[in-house]
Amino acid sequence: MFYVYIIKSIHHPEKIYVGYSTDINARLDAHNQGKSTFTATYRPWKLETYLAFSSQAAAKDFETYLKSGSGRALLHKRLVQSNLSL
């Protein structure tokens, strides 16, 4: 399977990162060990959401979409839990 994952910084919950992997646990460990320059500053991270795809192309396309303007809107509206209490 091919996964698009969304992680959220534990200490800076407004910081969200979208990525693609075939091994979510190993990738989350890499983020938390500071092996990614984009996420090292806001460690530690927790897995917020992931979606599984049988097609690598579909997963990469969806990751790209979530990083676009309209994809970011979907991400914040439907895929990431808000820290606000209602």
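A short reminder: the numbers here are calculations on the coordinates, not readings from a lab. These numbers were taken from a predicted model, which means no experiment stands behind them. Every residue, glycine as well, gets a Cβ built from its backbone with ideal geometry; the counts of neighbours run over all protein chains shown.
A few comments on the model shown:
- A simple count of charges around Val80, restricted to other residues whose Cβ falls under 9 Å of its Cβ and scoring Lys, Arg +1 and Asp, Glu -1, yields +2.
- Evaluated with a Cβ-only charge set (Lys, Arg +1; Asp, Glu -1), region 2-79 carries a dipole of roughly 200 debye about its Cα centre, given to the nearest 20.
- The lysines within cross-link reach of Lys35, meaning a Cα-to-Cα straight distance under 24 Å and a gap of 8 or more places when in the same chain, are Lys8, Lys15, Lys46, Lys60, Lys67.
- Each Cα pair under 8 Å and six or more residues apart adds its separation to the average, and for the chain the resulting relative contact order is 34 percent.
- Here Tyr42, Tyr5 are placed in order of increasing Cβ neighbour count within 10 Å, fewest first, which gives Tyr42, Tyr5.
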